[in-house]
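Structure record follows, encoded as structure tokens.
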Amino acid sequence: MAPKMKKPGMPGMTIYFDQYNPNDEKGTDVRRSLADLDYSPLKRLTGQSIAMAMLVSMGGLIFGYDTGQISGFLELPDFLERFGQPGPDGEAQFSNVRSGLIVAMLSIGTLIGALAAAPIADRMGRRLSISLWCFVCGIGFLVQITAFHAWYQIMIGRIIAGFGVGALSLLVPMYQAETAPPWIRGAMVCTYQLFITLGIFLAACFNFGVYEHQRNSSASWRIVIGVGYAFLIILGVGIIFFPETPRYAYRVGRKEEAKETLCKVYGAPPNHYSIYTQMEEIEAKFISEKHIKGGPLSEMASMLRAPRVAHRLALGMGLQMFQQLTGANYFFYYGTTIFQSVQINSYVTQMILNGINFGSTFIGLYIVEHYGRRKSLIFGSIWMFCCFLVFASVGHFSLDQTDPTRTPQAGITLICFASFFIWGYAITWGPQVWALISELFPSRYRAKGMALSTASNWMWNFLLAFFTPFITGAIDFRYGYVFAACNFMGGLIVYFFLIEGQGRTLEEIDTMYLEKVSPMKSSKWVPPSAEDMARIRRQAGTDETAAVMNNSDDVEQRGTFSGETERGSDGMMRKHEDETVQHREGGVIR
């Protein structure tokens with residue numbers, strides 16, 4: 001690390017490159033052939049990066065809004081009359097099958113959309129793909145709004161909207177990751193998660209508003225769905241005025257456009273060190289992709305055979321599964337119905353729960369970088385385990401389910417512990433699992449590993465949404481014991497299998513898994529030299545660039561991209577194995 005120097009500007013808001021500057025006496029990690037580049041400090045945030053974060057993250061808001069609105073619809077009188085079934089007493093109600101299908105089929109659509117989005121984005125580009133899937137989502141909204149009495153039309157509309165929501169759940173983080181400067185890339189992913197919670201909260205607020213003022217009119221649910229068009233238009237039209245991601249632009253031959261985009265987002269001149277190294281990385285990845293032989297199936301087989309990658313894939317899919325099995329969506333999907341049964345204004349309760357979820361996510365963004373992944377997730381598992389034990393016990397043993405008004409204290413207790421649970425979820429398992437998945441896999445298999453892990457999330461999302469009405473109908477609040485056990489198991493998985501990645505580069509995390517570092521001792525692990533790490537990863541075949549370049553006959557390419565070095569005038573070899581993540585991610589934050 002470069003020595004700390006007093007520089008103008010707010011602490012932590014400026015990125016310095018002194019340690020990479022061959023002309024600076026403080027330079028400790030230099031490449032002498034790059035002495036003519038600009039190494040001036042850069043602002044951490046630029047107007048372009050802030051605008052990108054706010055606009056593109058609207059995809060998360062659409063995701064959260066579409067997910068959160070359905071719980072309120074199930075109790076709206078007009079929605080019940082139109083799409084429910086006559087019960088034994090003649091009152092309209094939803095059967096378990098019908099409510100399960102209406103709620104859960106969104107997840108099937110999102111799963112299909114997420115799988116279809118990647119190849120389309122490779123053909124059309126990330127920017128136009130986002131607009132396309134916003135249009136698809138809008139068609140789903142239209143199908144739902146125009147429904148009159150056919151409940152299956154609502155279900156079909158949610159499937160179509162799910163296509164768009166699922167595609168955006170892949171494309172939005174992809175656009176952010178391919179465009180954002182490395183020093184704010186993690187925050188960009190967290191901003192997406194933050195907007196998801198904001199969308200869920202807004203859906204609860206609109207549900208409450210229409211329930212109070214339009215409860216007996218079809219406007220009560222049509223207005224809520226229609227408001228979603230505002231978010232679709234902002235994202236779908238706004239993204240057209242943003243540049244294509246530099247990595248996609250480079251892939252299709254628009255190299256100057258890629259460089260110009262980096263300059264705008266980074267706030268850097270064209271000859272800046274950070275721009276040069278990013279363009280160098282993009283070129284290295286592009287060359288490596290051209291050298292990889294075989295189709296998707298052969299590459300998938302290669303991933304499963306690679307050292308410790310199948311282990312990480314199982315861990316990634318397991319973490320996404322247990323994120324769903326925490327039981328959070330039990331409240332988000334069916335919270336209105338749950339709390340209606342205790343004679344408390346369920347729409348107010350949903351606003352409270354979703355407001356806690358949104359506000360607490362800010363705390364989660366701080367905790368993940370200051371207390372580590374393992375400690376945070378284990379704490380979250382224990383906290384949620386205890387909350388569900390109390391929730392299930394009070395609901396089953398203390399609440400008078402025949403006449404809930406006779407046990408108001410039990411109802412209040414349920415809401416309190418549901419709030420405690422949401423707080424714990426929002427600061428731990430909610431945002432942190434997504435961050436973990438992005439750093440769990442080696443570069444060569446990161447996209448595929450993340451896709452399969454995300455598919456696990458959507459599949460369990462569907463299963464829980466569909467079967468929850470049947471399970472709660474059979475065992476009532478004892479369902480909470482199931483979630484309590486799952487939270488306990490999730491904590492054990494983290495303790496025994498998850499390596500601590502706080503403060504580690506992606507290359508270091510990859511090396512830790514390859515070296516089979518004990519998760520319990522991972523926070524104290526001392527990384528080997530960059531040269532040794534590159535050698536370990538090359539031998540394992542998890543670094544696609546190094547592996548390709550190592551086999552290349554082009555000596556000049558190998559020297560540029562594999563970490564082989566320039567020779568100084570003293571004839572000594574200066575090594576900078578695969579430019580290390582410090583070179584690639586460019587900068588020291590002080």
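Assorted remarks:
- Beta carbons closer than 7 Å, at least 6 apart along the sequence or on distinct chains, pair a first residue in the range 27-42 that is free of Cβ contacts under 8 Å to residues at least 12 places away in the same chain with a second that is open to solvent by less than 30 Å² (accessible area, probe 1.4 Å) and part of a loop (DSSP other than H, G, I, E, B) for Val30/Asn21.
- Set Ile145, Ile120, Ile160: member being touching a Ser or Thr at 6+ places or on another chain (Cβ under 6 Å) and open to solvent by 20 Å² or more (accessible area, probe 1.4 Å): Ile120
- Note on the range 214-263: among residues that are basic (Lys, Arg) and open to solvent by 70 Å² or more (accessible area, probe 1.4 Å), the one that is nearest to Arg126 (Cα to Cα) is Arg251.
- Just so you know, in the range 163-180 the residues that are open to solvent by less than 10 Å² (accessible area, probe 1.4 Å) and modelled with pLDDT of 85 or more include one that is farthest from Ile120 (Cα to Cα), and it is Val165.
- Phe470 in a helix (DSSP H, G or I), more than 20 Å from Gln432 (Cα to Cα), touching a helix residue (DSSP H, G or I) at 6+ places or on another chain (Cβ under 9 Å) and modelled with pLDDT of 50 or more: yes
- Qualifying residue in the range 422-431 (condition: at pLDDT 80 or above, in a helix (DSSP H, G or I) and open to solvent by 20 Å² or more (accessible area, probe 1.4 Å)): yes
- Restricting the range 32-91 to residues that are of a type in the set (Phe, Trp, Tyr) and part of a helix (DSSP H, G or I), the residue that is surrounded by the most Cβ atoms within 10 Å (Cβ to Cβ): Tyr65
- Some residue of the range 180-192 being touching a Phe, Trp or Tyr at 6+ places or on another chain (Cβ under 6 Å) and not in a helix (DSSP H, G or I): yes
- Taking first residues from the range 271-286 that are of a type in the set (Gly, Ala, Ser) and partners that are surrounded by 19 or more Cβ atoms within 10 Å (Cβ to Cβ), the Cβ contacts under 6 Å between residues at least 6 apart in sequence or on separate chains come to Ser274/Tyr266; Ser274/Ala268; Ser274/Gly586; Ala284/Thr545; Ala284/Phe561.
- Listed by position, the helices (runs of 4 or more DSSP H) inside the range 273-358 whose residues that are aliphatic (A, V, I, L, M), touching a Ser or Thr at 6+ places or on another chain (Cβ under 9 Å) and modelled with pLDDT under 80 number at least 2 are 273-291.
- Where a residue in the range 114-143 is within 16 Å of Ser169 (Cα to Cα) and its partner, wherever it lies, is open to solvent by 20 Å² or more (accessible area, probe 1.4 Å) and outside any helix (DSSP H, G or I), with Cβ under 7 Å and at least six apart: Arg127/Phe242
- Failed criterion for Phe467 (all others in (1) over 27 Å from Gly109 (Cα atoms); (2) loosely packed, with under 15 Cβ neighbours inside 10 Å; (3) in contact (Cβ under 8 Å) with a residue 60 or more places away in the chain hold): (1)
The values are calculated or read from the model by the stated rules, or taken from the named source; none is laboratory data. Note that the coordinates shown come from a computational prediction; the quantities given were computed from them, not determined experimentally. Counting neighbours? That spans all protein chains shown, and the Cβs are built from the backbone with ideal geometry, glycine included. Only protein heavy atoms, including side chains, enter the accessible area calculation; ligands, DNA and RNA are left aside. Shrake-Rupley method; radii C 1.70, N 1.55, O 1.52, S 1.80 Å.
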